[in-house]
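Q: Provided herewith is a single structure, encoded as structure tokens, for subsequent inquiry.
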Amino acid sequence: MKICIATGTRAEYGLLKPLMDEIRAQPGWELQLLVTGAHLSPEFGMTLRQIEQDQMPIAAQVEMLLSSDSPEGIVKSMGLGMIGFSSALQQISPDLLIILGDRYEMLAVAAAALIYKIPIAHIHGGEITEGAYDDAIRHSISKMSMLHFASTEAYRRRIIQLGEAPERVFNVGALAMDNIKNLPVLSREALEADLGISLAKDLLLVTFHPVTLDTENSGVQFQELLHALDHFEDCSILFTKANADTDGRIINQMIDAYAQKHPGRVFAFTSLGQLRYLSALKCASAVVGNSSSGLLEAPACKVPTVNIGDRQKGRISADSVLNCGVSSPEIVAAIQRARSKKFLESIQHMENPYGGGNTAKQIVAQLASYSGNRSIQKHFFDIPQIAR
């Protein structure tokens, strides 16, 4: 069985790597990587090099990312992607395509695979993120997919609510938990040496992505976050930069300017990679921003999260996640609470809603049951009406 995994961003690749390793270990299975998006962009760290360093089998590369983060630029990038994915899928002819999440690059490759009648297995469907158009993209990919691997039981039920048959929808937890369980992280000293920086006792790990459905400019919101960070001069601040979304470049320019203004205290990286990111996370006093890692990885490490604004609104979150508005005073108050001894003590024995690892093995077990079935024909599953 030829299994193709599509990947377009650094974060997505880090999550998928345990599954890639598990697929490669299966006799008679061939892993094909379809690499696209920010992986091929020097501006976003050219993370293709990390994939090559990991010696993953790259079956095709599809250039699609224009040097523009306007709506027009992103739509044109999707069009370029569709053209490139058509050629790539025809060339490598996989038996199954695996897609994680909800990015516009993945919507383009899913649409191409649908027309080529290639079955799709979708990971992290059923979730809600009301502040981004990723929400609609995620549900659209689910409707084009045959197999579904949800991260919680509530998300599994929501996929069924979309009309997907229960026997094709599985609650397997989040792949992020596999890395946390199995990846040996760097010590603080080793991390500092690897990054070439020196960190204060308290570290704020900050990732802020554009809120693509908000009427307010992402730069205005991000400036409020920077004003809030000015209040924590005793902390080191480690930024990981924004994705290639609408207004992503604006945020990244502001990050660079802020780091230059505060040398020795504020550090910015286009891509840390999974090992260094998790190592920094485990050293952090809090994760700050609006990235999904604050809701997935951080709670598993018992690290507080200050989740800003509506980007992740609707997602299931652990007790360690503090939701706040986008104004500077609200962010400051949330960070202060996250750093308090009382709050830290309160989250040490909380339950993580996204499982405890072993997700990759569960996915592979279900893929093995599906082996050889290339049909994409399915019927809409109607939930039985509740008697009134």
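Listed here are the residues, each with its yes/no results for (1) modelled with pLDDT of 95 or more; (2) surrounded by 15 or more Cβ atoms within 10 Å (Cβ to Cβ); (3) under 25 Å from the mean Cα position of the chain (by Cα).
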site	(1), (2), (3)
Arg337	yes, yes, no
Met350	no, no, yes
Ile363	yes, yes, yes
Ile383	no, no, no
Ala387	no, no, no
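Q: Applying the selection to the stretch 1-40, what residues are of a type in the set (Val, Ile, Thr) and without any contact (Cβ under 8 Å) to a residue 40 or more places away in the chain?
A: Step one: list which residues in the stretch 1-40 are of a type in the set (Val, Ile, Thr), which gives 3, 5, 7, 9, 23, 35-36.
If the condition is that a residue be of a type in the set (Val, Ile, Thr) and without any contact (Cβ under 8 Å) to a residue 40 or more places away in the chain, then Val35 is the only one that fits.
Q: Taking the stretch 41-78, which residues are touching a residue at least 12 places away in the same chain (Cβ under 8 Å) and of a type in the set (A, V, I, L, M)? It would help to see each step written out before you state the result.
A: Taking the stretch 41-78 and keeping what is touching a residue at least 12 places away in the same chain (Cβ under 8 Å), we get 41, 43-45, 47-48, 50-51, 54, 56-67, 69-71, 74, 77-78.
Listed by number, the residues that qualify are Leu48, Ile51, Met56, Ile58, Ala59, Ala60, Val62, Met64, Leu65, Leu66, Ile74, Met78.
Q: Sticking with this one: When the residues of the stretch 68-100 are narrowed to those that are open to solvent by 30 Å² or more (accessible area, probe 1.4 Å) and either among the acidic types (Asp, Glu) or touching a helix residue (DSSP H, G or I) at 6+ places or on another chain (Cβ under 7 Å) (or both), which ends up nearest to Ser369 (Cα to Cα)?
A: Asp95
Q: Asn243: in a helix (DSSP H, G or I) and open to solvent by less than 30 Å² (accessible area, probe 1.4 Å), yes or no?
A: Working: in a helix (DSSP H, G or I): no; open to solvent by less than 30 Å² (accessible area, probe 1.4 Å): yes.
So Asn243 fails the test.
Q: In the stretch 1-37, which residues are in a helix (DSSP H, G or I), open to solvent by 10 Å² or more (accessible area, probe 1.4 Å) and among the small types (Gly, Ala, Ser)?
A: Result: Ala11, single match.
Q: Thr270 - would you say it is among the hydroxyl-bearing types (Ser, Thr, Tyr) and modelled with pLDDT of 95 or more? Even if it seems obvious, please write down each step before you answer.
A: On the way: among the hydroxyl-bearing types (Ser, Thr, Tyr): yes; modelled with pLDDT of 95 or more: no.
Criteria not met by Thr270.
Q: If you don't mind, there's one more thing I want to ask. Which condition breaks for Gly125 when tested against (1) in a helix (DSSP H, G or I); (2) over 27 Å from Ser279 (Cα atoms); (3) out of contact with any Gly (no Cβ under 6 Å at 6 or more places or on another chain)?
A: (1)
Q: What number of residues in the stretch 47-73 are part of a loop (DSSP other than H, G, I, E, B) and at pLDDT 90 or above? Show your work before the answer.
A: First pass over the stretch 47-73, keeping only residues part of a loop (DSSP other than H, G, I, E, B): 47, 54-57, 63-70.
From what is left, the residues that are at pLDDT 90 or above are 54-57, 63-64.
The total comes to 6.
The values are calculated or read from the model by the stated rules, or taken from the named source; none is laboratory data. Every value quoted in this text rests on a predicted model; they were computed, and no experiment measured them. Ideal geometry is used to build each Cβ from the backbone, glycine not excepted, and the neighbour counts take in all protein chains shown. To get the accessible areas, we keep the full protein, side chains included, count just its heavy atoms, and leave off ligands, DNA and RNA. Shrake-Rupley method; radii C 1.70, N 1.55, O 1.52, S 1.80 Å.
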